[in-house]
1. Roughly speaking, to the nearest percent, how much of segment 158-232's 1.4 Å accessible area is carbon and sulfur?
2. If you count only protein heavy atoms with a 1.4 Å probe, what accessible area per residue comes out for the chain, rounded to a whole Å²?
3. Compute the Cα gyration tensor for segment 15-64, then decide on rounded, prolate or oblate, letting a ≥ b ≥ c be the square roots of its eigenvalues: rounded whenever a/c is under 1.5, prolate when a/b is larger than b/c in the other cases, and oblate in all that remain.
4. What are the residues whose amide H is under 5 Å from the amide H of Val179, where those residues sit 5 or more places off or on another chain and H is modelled from the backbone?
5. Which angle between 0 and 90 degrees, to the nearest 10, do you get for helix 239-255 versus the longest principal axis of the chain when only C-alpha atoms count?
6. With a ≥ b ≥ c taken as the square roots of the eigenvalues of the C-alpha gyration tensor of segment 32-86, please select rounded if a/c is under 1.5 and otherwise prolate if a/b is larger than b/c or oblate if it is not?
7. Could you calculate the contour length gain from Ala41 to Asp203, that is, 0.36 nm times the residue separation minus the distance between their Cα atoms, to one decimal place in nm?
8. Counting only DSSP beta bridges with both residues in the chain, what percent are antiparallel, rounded to the nearest 5?
Amino acid sequence: MSRQIITGAALLGGIAGQPVAHSLSPIIHNAWLTAGGIDGAYLPFAPVDAAGFEALVAAGRAGLISGLNVTSPFKEQAFALADEVSPASKLTSSSNILKFVDGRVLGDSSDGIGLMLGLKEQAPDLDVGGKPVVILGAGGAARAGSGVLVEAGAEVRIVNRSRDRAEALAADLGPSVRVMQAAEAFDGAALVVNALSVQPDVDFDQIAPGTVIMDMTYKPLWTPFLIEARARGLTTVDGLAMLIGQAAPSFEAIFRRPPPPLDLRALLMAHLVEAAA
């Protein structure tokens, strides 16, 4: 049965998280499936806990699912359950893509790719090489963002309520990553990224003009964090740009082919407007 599902016409993928109902990933991937005439489906999965997520991965091993995107709070568990991981995933000890092949679990991370593509699209003049960058948060998304920014030559400063978690992230990523208090972290920063699942409490008086502000959250698209940044004349990068940037590698991993051409931003903006009506 498993071989028929994986190698036959129909492929089943999805996104696993808790909560997951807000995710726009099913809209993206199912639109690509329709546009490409591909026999498959992409569904939201909401395991209630770590045991539930492990059972979902077991279904993938059995050939019932071809691949998964993984979001909070399961990215680090996804990494731990993988039999083999990509360099990007290993760098951050988290996986937001799981691909199931012949009973094996392959882990990858496209969060970093998405972050850099989002910056390139909406803050094209930003160069983080040799400059301080602030990451708010220390979870899976923060790990992936920190890793790719270190590779780009940035000095990453982690601000997080739980210092132990932040220090563990810094220890994994090396001397280019430091844990700092908010009062000093923003000094000279070229970029501030919110990687928290909640809105950060930030004193914008500490952020210099010219700093780029990014929020990984995409629902709502205009978060209070970005609204305040724009009101102060700062360049902003929204979470939708990052989501779109990381989606193509996910689709290719799950459905075994590149996605067809599609104006995803227009599609998603229309959905967000309709959902808010």
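1. Values: 1930 of 4000 Å².
Here carbon and sulfur together make up 48 percent of the probe-accessible area.
2. Working: 12350 Å² over 277 residues.
Value returned for the chain: 45 Å² of accessible area per residue.
3. Numbers: a/c = 5.04, a/b = 1.51, b/c = 3.35.
Oblate shape, in that a/c is at least 1.5 and b/c is the bigger or equal ratio.
4. So Val179 has HN proximity to Ile158.
5. Result, in degrees: 30.
6. In terms of gyration-tensor shape, prolate.
7. Details: separation 162, 0.36 × 162 = 58.32 nm, distance 4.36 nm.
Full extension from Ala41 to Asp203 adds 54.0 nm.
8. On the way: 8 of 38 bridges.
Antiparallel bridges: around 20 percent, rounded to the nearest 5.
The values are calculated or read from the model by the stated rules, or taken from the named source; none is laboratory data. Note that this is a predicted model, so its numbers are computed, not measured. Heads up, the Cβs are rebuilt from the backbone with ideal geometry, glycines too, and the neighbour counts pull from every protein chain shown. Ligands, DNA and RNA are excluded from the accessible area calculation, which covers all protein heavy atoms including side chains. Shrake-Rupley method; radii C 1.70, N 1.55, O 1.52, S 1.80 Å.
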